[in-house]
Amino acid sequence: MGLAKRIIPCLDVDAGRVVKGINFINIRDAGDPVEIAQRYDEQGADELAFLDITASSDARDTLIHVVEEVASQVFIPLTVGGGIRQMTDIRRLLNAGADKVSINTAAVFNPDFVNQASEHFGSQCIVVAIDAKQTQIDPPRWEVFTHGGRKRTGLDALEWAHNMVKRGAGELLLTSMDRDGTRNGFDLTLTRTLSEAVNVPVIASGGVGNLQHLVDGILLGKADAVLAASIFHFGEYTIQQAKAAMAAQGIEVRL
Amino acid sequence: MITIVDYKMGNLRSVRNALGFLGYESRVSGNPDEIADSKMLILPGVGSFREAMKNIRETGLEEALNEGVLNKKRPILGICLGMQLLASEGTEDGITKGLNWIPGTVQKFRFDDPWIRLPHVGFNAVHFKETGRNLSEGLGESVDFYFVHSYHFVCEDKYVTGETDYHQLFVSSVKRNNICGMQFHPEKSQCNGLKLLKNFINTHLNHA
């Protein structure tokens, strides 16, 4: 077999607990991050993503401890994002056991940060997260948003993706803000358009409500990896079921 | 005691966590005396070949590593960038001399199709050769491990213990006497990776 397509469960962490919101509001408690991480590891997740959605800065240390604890129990790659502004933030997370960090708002404010981070830590650990929302139907145009989808930047998502790859992003984590939390499936047009425009791996995110959505993200969206949260958190589906569904439609997965 | 060599490049904690989980004692050290004297060494690391060799040379670790590995014949496992450093030279931003323990060069993947993704990220199969059988014991001939890299090791066939296919066959593990290297991350490859680390340690403990 060749390189397997990845399934990445995502844990949104607020003050040390896993939560899940609908369109980034109505946050609902989903449990202890270490327990959830272990469960996904046992089920055969290929990587784990942690997104720190804690607002206050003192609570941020909580996430460092969560990462430390997960990294001592779970031996698959960990990506951590949320509130990363400086080189020291990256250093701390990597030292705690993260393998990659995802940078979002800080890249928009200061694109040079992506150059610095990838030069210093290597492209392989710099994931740039792009939150995109469709702002025009014909021809389709997507814009980059920050602050959990609340702030419009005016940046064209495709141009931004090129820019980030040029500056050293090793992977792109693409979230459709129109779909996130809706359970209606990925924005496949956005995913395919962006995947076909860059030559680094693209992780599709936002909107997964069933297993066929994961399959579609790979086959129709041309993504290299699929990320989902709520369908796994509440026990609706296991990672094995997701992989079986993907394998049944001819996608190479690690079983 | 296993020494994880600290030369300021990347994620040392993951390796230490994995060894701890398997019940082996280890320490992270950048001290030349401790490294030269260690019974077993692990050289992890991610990032730039040039930067890594610069750090190793500036901190006096090259002599210490040569002493431990070449003179005292202590077993060493290079992981990812750590495997690449075993080569004669790296080719990232010009030529950089490596540790030169396994004759070979480290080159960037080159594909005719410009849309093939780099870095090569994710789980891919390692096909172990006869020479890699000690390592892969209990795992089978073809096993998935986690990769994340854009450069690969190029060397004579006699040093190759495992190969992987990513639009071309490339060398994913090497061995020369007491010196082993893995391009993938056993410490991030779940059960298979832990098993492989255990095999490496046990094989060398028995021969020590």
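The values are calculated or read from the model by the stated rules, or taken from the named source; none is laboratory data. Keep in mind the model is a prediction, meaning the values are calculated, not measured. Here the Cβ positions follow ideal geometry from the backbone for every residue, glycine too, while neighbour counts run over all protein chains shown. Surface areas here come from the heavy atoms of the whole protein model, side chains and all, with no ligands, DNA or RNA. Shrake-Rupley method; radii C 1.70, N 1.55, O 1.52, S 1.80 Å.
Determine ³J(HN,Hα), in whole Hz, for all residues of the range B:128-143 in sequence, where each value follows from phi through the Karplus function 6.51 cos²θ - 1.76 cosθ + 1.60 and θ = phi - 60°; x replaces Gly and Pro.
7, 8, 3, 5, x, 5, 4, 5, 8, 3, x, 10, x, 7, 10, 9
Probe radius 1.4 Å, ligands and nucleic acids left out: which of A:H147, B:H204 has the largest accessible area, and how do the rest follow?
Ranked from most to least accessible, the order is A:H147, B:H204.
Treat each spin label as a single point 7 Å out from the Cα along the C-beta direction, and report the B:R50 to A:D61 distance in nm.
In this crude spin-label approximation the distance works out to 3.9 nm.
Take the residue pairs A:K20/A:K133; B:K73/B:K97; B:K54/B:K198; A:K100/B:K108; B:K175/B:K195 and return only those whose Cα atoms are more than 24 Å apart.
Pairs exceeding 24 Å: B:K54/B:K198.
Between beta-carbons, use under 14 Å as the cut-off and find the net charge around B:F153, counting Lys and Arg +1, Asp and Glu -1.
That sum, taken over residues with Cβ under 14 Å, equals -1.
So what's the back-of-envelope 222 nm ellipticity for the protein assembly as shown, counting only DSSP H runs of four-plus at -39500 (n - 2.57) apiece and dividing by all residues, rounded to 500?
The helix-only estimate for the protein assembly as shown comes to -9000 deg cm²/dmol at 222 nm.
For the range A:3-133, what class follows from the C-alpha gyration tensor (a ≥ b ≥ c being the square roots of its eigenvalues): rounded when a/c is under 1.5, otherwise prolate if a/b is larger than b/c, else oblate?
Rounded, since a/c falls under 1.5.
So if I take the alpha carbon set of the protein assembly as shown, get Rg, then get Rh from the Kirkwood formula, what is the Rg over Rh ratio?
Numbers: Rg = 21.4 Å, Rh = 22.3 Å.
Taking Rh as the inverse mean 1/r over Cα pairs, Rg/Rh reads 0.96.
Can you give the FRET efficiency to the nearest 0.05 for B:D93 and B:K158, using r as the Cβ-Cβ distance and R₀ = 25 Å?
Working: r = 30 Å, r/R0 = 1.18.
Working from the Cβ atoms, E equals 0.25.
DSSP loop chymotrypsin sites (Phe, Trp or Tyr not before Pro) in the range A:193-254 with at most 11 other Cβ atoms within 10 Å of their Cβ, which ones?
Here no chymotrypsin sites (Phe, Trp or Tyr not before Pro) fit, given the DSSP loop and packing criteria.
State, to one decimal in nm, how far the label point of B:S142 lies from the label point of A:T182, with both points 7 Å from Cα in the Cβ direction.
4.0 nm
Consider all pairwise Cα distances in the range B:2-205 and report the whole-number % of them above 24 Å.
Numbers: 7061 of 20706 pairs.
Above the 24 Å cut-off, the range B:2-205 has 34 percent of its Cα pairs.
If you count the DSSP beta bridges with both ends in chain A, what percent of them are antiparallel, to the nearest 5?
The answer is about 35 percent antiparallel.
For the range A:100-222, what does the equivalent ellipsoid look like in terms of its semi-axes, each the square root of 5 times an eigenvalue of the Cα gyration tensor, given largest first in whole Å?
Taking √(5λ) for each Cα gyration eigenvalue gives 23, 16, 13 Å.
To the nearest 0.05, how large is the calculated FRET efficiency for B:E25 and A:D138 if R₀ is 56 Å and r is the Cβ-Cβ distance?
FRET efficiency, B:E25 to A:D138: 0.30.
At q = 0.13 Å⁻¹, what log₁₀ I(q)/I(0) does a Debye calculation on the Cα points of chain A give, no solvent, two decimals?
Per q value, in the given order, log10 I(q)/I(0) is -0.76.
Please work out how much accessible surface B:K39 shows to a 1.4 Å probe, ignoring ligands, DNA and RNA, in Å² rounded to 10.
130 Å²
Could you put B:C191, B:C80 in order of accessible surface area, largest first, with the 1.4 Å probe and the full protein assembly present?
Largest accessible area first, the list is B:C191, B:C80.
Tell me, what ³J(HN,Hα) does each residue in the range A:5-10 have, in order and in whole Hz, if you take phi through Karplus 6.51 cos²θ - 1.76 cosθ + 1.60 with θ = phi - 60° and put x for Gly and Pro?
Along the range A:5-10, the couplings run 6, 9, 10, 10, x, 10 Hz.
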